[in-house]
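Working notes for the structure below.
The values are calculated or read from the model by the stated rules, or taken from the named source; none is laboratory data. Keep in mind that this is a model prediction, so the values were computed, not measured. We place every Cβ from the backbone using ideal geometry, glycine too, and count neighbours over all the protein chains shown. Heads up: the accessible areas ignore ligands, DNA and RNA and are worked out on the full protein's heavy atoms, side chains in. Shrake-Rupley method; radii C 1.70, N 1.55, O 1.52, S 1.80 Å.
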Amino acid sequence: SADYRVAVFGAGGVGKSSIVQRFVNGTFSDNYVPTIEDTYRQVISCNQKNVCTLQITDTTGSHQFPAMQRLSISKGHAFVLIYSITSKQSLEELGPIILMLKEVKGNAITEVPIVLCGNKKDEESKREVSKALGEKLAGQWGTGFIETSAKNNDNITELFEQLLAREKKRQLTL
Ligand code: GDP
Ligand code: MG
């Protein structure tokens, strides 16, 4: 299909919407706006000569019903799992999502692009999760890893570049 579907998961307040808004619109807001699920579209290049539509779904995180999470997972081609480096709890909350990903994707999970993302790296004084721990978990889970700041526009494009680079069935570039 010409669509490439990416779902963004993570606990409330980690910066899912901020990362998606920063990537799609280049904007950032300090105001917390609990969102409803929304999908953003962007044209990207596929296999050198063609284009396809990158669809990014900003999920509502823990407010999403398990049945909806399951649906987002079964429809999705690639996944961004976000925690905040200022909250160990937010990292722990990704555990059930990883389990559901493995359950829904089955053996194909090894070919599914997933990046673990520690957001709010600008808040160094409030850090609760070391970079080493994030890297270690990503290694265990077989996912990519990056630390970002939606606020400072740090590593946001790189996050999506890394995700697309993990797709081996087509060559996707921003
Ligand atoms: P979501 O619930 O995961 O969608 O989180 P939001 O994107 O709504 O962000 C929650 C709060 O964290 C908001 O007040 C944002 O301004 C703030 N925030 C998001 N990203 C960053 C970041 O990289 N650094 C800092 N310092 N704050 C952030
Ligand atoms: Mg949100």
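Among (1) away from ligand 1 (no atom under 12 Å from the Cβ); (2) under 22 Å from Ser72 (Cα atoms), which single condition is Thr59 missing?
Unmet for Thr59, out of (1) away from ligand 1 (no atom under 12 Å from the Cβ); (2) under 22 Å from Ser72 (Cα atoms): (1).
Any chance you could count how many residues in region 44-74 are away from ligand 2 (no atom under 16 Å from the Cβ) and within 15 Å of the chain's Cα centre (by Cα)?
3
Identify, please: which residue in region 99-116 is in a helix (DSSP H, G or I) and touching a Lys or Arg at 6+ places or on another chain (Cβ under 8 Å) and is, among those, most open to solvent (accessible area, probe 1.4 Å)?
Going through the qualifying residues, I end up with Glu111.
Looking at region 2-96, what helices (runs of 4 or more DSSP H) fall wholly within it and have at least 2 residues that are at pLDDT below 95 and open to solvent by 80 Å² or more (accessible area, probe 1.4 Å)?
66-75
Considering each of Glu167, Glu161 in turn, give the residue that is part of a helix (DSSP H, G or I), at pLDDT 95 or above and at negative phi.
Sole residue among the options that is part of a helix (DSSP H, G or I), at pLDDT 95 or above and at negative phi: Glu161.
May I ask you to list the residues in region 122-165 that are within 16 Å of ligand 1 (Cβ to nearest atom) and open to solvent by less than 20 Å² (accessible area, probe 1.4 Å)?
Residues satisfying the conditions are Val129, Gly134, Ile146, Glu147, Thr148, Ser149, Ala150, Ile156, Leu159, Phe160.
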